[in-house]
Amino acid sequence: MSVGRSRLAALRRRVASALDRLEATFGRPRLGRELPPLDELILTILSQSTSDANRDRAYASLRRRFPTWEEVLTARRGDLEKAIRVGGLSLTKSAVIQAALRRIVTDQGRLSLDVLRRMPAPEARRYLMSFKGVGQKTAACVLLFACGREVFPVDTHIHRVTRRLGWVPAKADAGRSHAILGDLIPTGRFLTAHVNLITLGRRLCRPRAPDCPACPLRGSCPHAGRSTRVKGARRAGSAGVAVSREAGPAWRSTRSRLY
């Protein structure tokens, strides 16, 4: 086995072990919704740049005001914007939603995306991403949640967490993270990995002031190791205490375990 393949195999084992620890901490989440692919697409569009709570409020408001997708397609833009306003960016999202519905009618002859369930996953992803306003994350969410495909969506929390963990390069963009993580996450664990990594990012691995001591992955996280050393050095400096030579080997030992 080449060095590159050996490192990849080691990283995959590390990822699988980390997912085990997350499941031990957060449990094995179950999908709380089962929507048709078209419904999932609209829900995911509404989720962009807002909270889950506001996404759900916007979706519920939309379905109350327009019970069918045909009604959404033919709605006045102002009425549609008003129906989804609680989710934010209603001007942009209303345009994206109606453009998607028009495209689906043209392509499929009806307002349905059930065809995605019969397409190979790469083809289905490419088709969804050809829609205006639909990127990799939105396409992956539709395929994972509504079609049960082995596709891994990467949101801002997962992007941050996995870069800190060293699963993807620190300077990787979201597109590269999707490709890398789709290859690293074990088959059959895409849903639980997606939900638990988001939970980790929201509760502990926050953008600012991450709670590294409480993190179940701290022992294998380079960021947690650096954070601990920096905080320790700051405390020592603020107390006017010089770091002794005896502390050096312990720091090197910690670094070797983390990297």
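The values are calculated or read from the model by the stated rules, or taken from the named source; none is laboratory data. Everything quoted here is computed from the prediction, not taken from an experiment. Virtual Cβ from ideal backbone geometry, glycine too; neighbours counted across all protein chains shown.
State whether the residues of segment 192-203 include one that is crowded, with 19+ Cβ neighbours inside 10 Å, modelled with pLDDT of 95 or more, outside any helix (DSSP H, G or I) and not charged (D, E, K, R). Within segment 192-203, none of the residues are crowded, with 19+ Cβ neighbours inside 10 Å, modelled with pLDDT of 95 or more, outside any helix (DSSP H, G or I) and not charged (D, E, K, R). Among the residues here, Gly27 qualifies as of a type outside the set (Asp, Glu), under 20 Å from the mean Cα position of the chain (by Cα) and at positive phi. Considering only segment 164-172, I want to know if a residue exists there that is among the basic types (Lys, Arg) and over 23 Å from Ala209 (Cβ atoms). No, that holds for no residue.
Pull up segment 116-138, narrow it to residues that are under 12 Å from the mean Cα position of the chain (by Cα) and not charged (D, E, K, R), then point me to the one that is farthest from Glu34 (Cα to Cα).
First, the residues of segment 116-138 that are under 12 Å from the mean Cα position of the chain (by Cα): 136-138.
Those still in the list that are not charged (D, E, K, R) too: 136, 138.
Working: Gln136: 20, Thr138: 16 Å.
In this case the residue turns out to be Gln136.
For Tyr59, the conditions (1) modelled with pLDDT of 95 or more; (2) not in a helix (DSSP H, G or I) all hold with the exception of (2). Ser49 passes every criterion in (1) in a helix (DSSP H, G or I); (2) closer than 30 Å to Leu204 by Cα; (3) hydroxyl-bearing (Ser, Thr, Tyr) apart from (1).
Among residues of segment 184-224 being among the basic types (Lys, Arg) and in contact (Cβ under 8 Å) with a residue 40 or more places away in the chain, the one that is nearest to His157 (Cα to Cα) is Arg202.
Can you name the residue in segment 75-102 that is in a helix (DSSP H, G or I) and in contact (Cβ under 8 Å) with a residue 40 or more places away in the chain and is also surrounded by the fewest Cβ atoms within 10 Å (Cβ to Cβ) among such residues?
The initial filter retains those residues of segment 75-102 that are in a helix (DSSP H, G or I), namely 77-87, 90-102.
With the extra rule that they be in contact (Cβ under 8 Å) with a residue 40 or more places away in the chain, the set shrinks to 87, 92-93, 96-97, 100.
Numbers: Gly87: 24, Thr92: 14, Lys93: 25, Val96: 20, Ile97: 22, Ala100: 24.
Here the answer is Thr92.
If a residue must be within 17 Å of the chain's Cα centre (by Cα) and without any contact (Cβ under 8 Å) to a residue 12 or more places away in the chain, how many such residues does segment 48-74 contain? So the count comes out to 3.
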